[in-house]
Amino acid sequence: MTYGVLRRGGAGYPPLLAQLHDPPPRLYLRGEQAGVLERPAVAVVGARSCSAYGAHVARTLGRELAGEGVVVVSGLARGVDAEAHRGALDSGGTTVAVLGCGIDRDYPARHAELARRIVAGGGLVVSEYEAGVEPAPWRFPARNRVIAGLALATVVVEARERSGALITADFALELGRDVFAVPGEITAALSSGTNRLIRQGAAPLLGPDDVFSALGLAPARRPPADLTDVAARVLNVLADAPSGQDEVVRATGLAASAVAAALVELELAGLAAEAEGVHRATRVPERAA
Amino acid sequence: MEGVLARATTHALVGLEARSIEVEAHLQRGVPAFAIVGLPDKGVQEAKERVRSGIASAELEWPMRRITVNLAPADLRKEGSGFDLPIALAILAASQQIPFDTLAEHAALGELALDGRIRPVPGAIVAAEAARRVGLRKLLCAAESAPEAALAGVEPIPVRHLAEAGAYLRGRHEPEPVAEPPPYAGPPLPDLREVRGQERARRALEIAAAGRHNLLLGGPPGTGKTMLARRLPGILPPLTRAEALEVTRIHSVAGALPAGQPLVEHPPFRAPHHTASTPAIVGGGPGPRPGEATLAHCGVLLLDELGEFPRPSLEALRQPLEDGSVAIARIGGRHVFPARFVLVGTMNLCPCGARGDPAAECSCSPGRIAAYREKLSRALLDRFDLVVTVPRARSREVAGAGGEPSSAVAERVVAADVRLRDRPPPIGEPSRVVLARAIDALGLSARGHARVSRVAVTIGALAGAHEVEPEHMAEALSYRSPSELAVAA
């Protein structure tokens with residue numbers, strides 16, 4: 001199999017990437033649409049062993065950003081990275097996976113299918129390493145600089161104190177690009193890195209619109225959903241805090257069967273999602289002021 | 001006189017069936033000896049010692065002859081201790097201590113104690129049925145086995161001691177009438193009234209009971225998954241008479257009938273530990289014995305900590321889940337055991353159990369979590385119509401009020417069960433639209449599609465609806481297998 005290759009200084013080499021102080025001399029590509037690298041892109045990165053909250057935020061961000069035509073860049077790793085790619089694919093959008101190993105490798109192996117879908121969806125898998133280079137831990141920070149380099153802004157979804165995602169954020173800051181961090185509970189170790197980023201000056205990310213306005217794009221306009229009364233009541237409960245179904249039952253006084261049906265209705269409308277038995281609103285709903 | 005031959009009839013268990021066995025005792029002159037032929041296993045060989053001591057203890061005479069006992073047909077392996085009584089009776093008849101012709105009207109089954117007492121053996125009801133089929137109306141058996149044998153429509157002759165059996169056959173003893181078994185007096189089934197909160201899981205149990213859907217309960221430890229599962233038998237529709245007899249037969253053969261309760265009246269509940277072997281779960285062994293899957297027939301099989309079961313055991317369960325029976329192939333033939341049960345599985349969301357618990361932090365690596373979940377093949381996971389995650393409540397708020405009693409839930413289940421059998425509600429057009437949207441938006445597979453439809457019909461029947469409404473379909477979708485239990489990381 002042959003892979004596309006872009007040379008530093010040559011045609012098609014992404015100008016944003018060239019701004020790194022040590023841009024990769026070559027960038028190998030899997031996928032046909034090399035032009036993808038010239039479109040506005042945002043990196044969504046974070047912990048591999050993320051929480052259900054992190055996975056949910058990554059997926060939602062991937063979906064909303066790609067749905068508006070922004071290219072979602074990430075590292076094909078487990079957890080946040082994979083969810084961001086999947087979210088982009090959910091909305092039929094474009095996403096770019098940056099590998100820390102040879103362009104012919106799928107690392108981790110279980111994401112081979114995800115990589116295939118990324119390419120099939122018009123996206124790219126890219127690497128600065130030629131075919132045959134083994135994955136190694138010391139290559140991942142280098143990979144992170146490529147992720148930061150390709151994106152106009154970087155969003156860190158969840159990160160522990162010494163997470164690789166913070167390295168990506170550092171590269172983005174060096175380049176003078178926007179860095180967002182998703183706030184988390186102060187007691188959650190998985191959010192300690194992102195919360196610290198916010199203290200150090202990163203913008204707290206409260207929703208996809210924050211990214212759109214940073215990129216100078218208009219915030220996405222969503223038609224108000226046509227919900228049943230029951231579903232609207234359930235959504236109000238979720239807007240206060242993520243809840244298990246039993247908690248929704250108690251908060252609303254509705255029957256368990258009605259709550260279950262309403263949550264599926266919300267999920268089908270893209271307004272709520274479930275993970276590990278906990279349901280969350282996918283965005284902060286606009287309430288009548 | 002060159003030799004004397006006498007016969008008694010008994011039955012050998014082959015799987016869940018009983019085969020008629022003729023016990024021939026032949027007394028010849030010669031050096032006193034005692035041999036049992038006709039493919040007896042070790043346990044049957046040991047009958048020699050019990051029979052000799054039993055006859056002596058009954059103050060009957062041990063014939064000082066060359067004794068040969070043959071168990072016919074000779075090509076069938078004989079197992080167990082139930083041959084003691086018929087062997088003793090055949091020897092007594094051959095030595096003319098009891099009359100031939102009276103013995104010929106009876107089947108006999110029982111183990112002898114060294115003091116001549118008669119002990120019950122498994123499978124009395126099956127043996128009694130087989131006796132009736134070969135035209136024998138009376139069964140000599142241990143007093144404890146008599147109520148069970150009576151269920152099969154033969155006249156049980158309860159005998160406590162070999163001397164009593166001898167006296168009866170000589171016409172010197174009237175057997176006691178067999179008392180009607182007392183109504184069920186075992187421990188009460190656990191009741192849903194004792195469960196506080198857990199509204200969603202309760203609802204899932206109700207649907208599982210009404211439509212006999214397999215249920216997977218996920219969530220961190222200590223959220224009541226097992227406690228909930230134990231309350232499912234109490235809301236299942238009661239067993240029909242035919243089902244009760246079938247279940248009784250199975251439990252009798254397995255030696256699992258509680259003392260004094262000949263008829264199994266409630267749906268059985270079986271919860272094998274995850275260290276149980278595969279044959280213990282699906283059945284097996286040389287003379288195949290029913291496993292837990294068959295013992296749970298018409299009831300509930302709980303696999304607590306599903307992820308801890310060895311994969312071969314789980315894969316072996318796919319056949320009963322598909323066909324409602326277990327087939328065990330042996331050189332001597334193929335045995336089919338019924339195994340139609342509601343499967344309830346519980347599992348943590350990760351090996352350490354902390355996932356889904358807001359107060360704990362999961363220490364499992366993504367690889368370990370993936371390995372834990374991959375234990376359940378897609379194929380097995382696909383057998384669970386209902387998947388419910390029971391999260392730990394985030395706040396310390398009261399877990400909700402004490403719930404509805406099982407009896408109230410059971411009433412609705414019975415009504416739905418009748419509707420499902422008579423006229424299940426058809427899936428209406430608006431519901432199909434909801435389902436079609438779900439296929440697009442949630443990535444529902446063709447298999448998942450069929451499962452959701454089945455559950456929706458059950459929900460419609462529980463609601464007493466004429467057709468499956470969109471809200472029934474939506475609720476059914478909420479029990480679909482979530483992505484996190486599938487292979488994902």
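A few points about this structure:
- If you sort the three axes of the alpha carbon gyration tensor as a ≥ b ≥ c, you get a/c of 1.5 or more for segment A:192-276 and a/b no higher than b/c, which makes it oblate.
- When peptides B:267-275, B:85-93 are sorted by average Cβ neighbour count within 10 Å, with the highest value leading, the order is B:85-93, B:267-275.
- Using Cβ point charges alone (K and R +1, D and E -1), the dipole size of the protein assembly as shown about the Cα centre works out to roughly 1140 debye.
- Computed label-point distance, nm, for sites A:A18 and B:S445 using a 7 Å Cα→Cβ extension: 4.8 nm
- Reduced Cα scattering model of segment B:94-179, Debye log10 I(q)/I(0), q = 0.12, 0.15, 0.20, 0.24 Å⁻¹: -0.31, -0.49, -0.88, -1.22
- For segment B:416-467, size of Cβ-based charge dipole, Lys and Arg +1, Asp and Glu -1, in debye: 160 debye
- Shape category assigned to segment A:29-121 from the gyration tensor of Cα positions, a/c cut at 1.5: oblate
- Span-rule helices in chain A, defined as complete DSSP H runs reaching 20 Å or more along the axis (Cα) with Kyte mean at least 0.5: none
- Residue mean of other protein chain beta carbons inside 10 Å, B:463-476: 3
- Restricting segment B:1-109 to GluC sites (Glu not before Pro) in coil, as DSSP defines it, with at most 10 other Cβ within 10 Å: B:E2, B:E59
- Shielding of A:270-283 by partner chains, average beta-carbon count, 10 Å: 4
- Burial ranking of peptide ranges B:152-159, B:131-138 (average Cβ count within 10 Å, highest at the top): B:152-159, B:131-138
- Spatially, segment B:444-470 and segment B:1-40 are offset by 59 Å when compared through their Cα centroids.
- Bridges between two residues of the protein assembly as shown, per DSSP, are antiparallel at a rate of about 45%.
- Estimated [θ] at 222 nm from DSSP helical runs (n ≥ 4, -39500 (n - 2.57)) normalised by residues in chain A, nearest 500: -11000 deg cm²/dmol
- Once the Cβ-Cβ distance of B:F100 and B:A179 is raised to the sixth power relative to R0 = 45 Å, the FRET efficiency obtained is 0.90.
- Shielding by partners, peptide B:198-208 (average Cβ within 10 angstrom, other chains): 4
- Burial ranking of peptide ranges A:6-15, A:208-217 (average Cβ count within 10 Å, highest at the top): A:208-217, A:6-15
- The calculated Kirkwood hydrodynamic radius for the protein assembly as shown is 30.6 Å, given to one decimal from all distinct C-alpha pairs.
- Under 5 Å, built H, 5+ apart or other chain: amide partners of B:R330: B:H335
- Three-way shape label, segment B:3-117, alpha-carbon gyration tensor, a/c 1.5: rounded
- Estimated FRET transfer efficiency when R0 is 60 angstrom, pair A:I186-B:R330 (beta carbons, to 0.05): 0.40
- In the protein assembly as shown, taking the dipole from charged Cβ atoms about the Cα centre, the farthest positive-side position among B:L239, A:A77, B:H274 is held by A:A77.
- Residue of A:E274, A:E83, A:E113 that the Gaussian network model of chain A assigns the largest fluctuation, springs spanning Cα pairs under 10 Å: A:E113
- Dipole check for chain B: with +1 at the C-beta of Lys and Arg, -1 at the C-beta of Asp and Glu, and the Cα centre as origin, the magnitude is about 880 Debye.
- C-alpha center-to-center spacing [segment B:142-181, segment B:303-340] in angstrom: 38 Å
- Taking each residue as 0.36 nm, the span from B:D115 to B:H274 lengthens on full extension beyond its C-alpha to C-alpha distance by 53.1 nm.
- Applying 0.36 nm per residue to the separation of B:A259 and B:A465 and subtracting their alpha-carbon distance, the gain on full extension is 69.7 nm.
- Cα lying deepest toward the dipole's positive end in chain B, options B:I331, B:P405, B:I98, charges on Cβ: B:I331
- Applying 1/(1 + (r/R0)^6) with r as the Cβ-Cβ distance of A:E38 and B:E361 and R0 = 41 angstrom yields a FRET efficiency of 0.45.
Here, each number is a calculation from the coordinates, and none is a lab measurement. All figures in this text were calculated on a predicted structure; none of them were measured in a lab. Backbone-built Cβ (ideal geometry, glycine too); neighbour counts: all protein chains shown.
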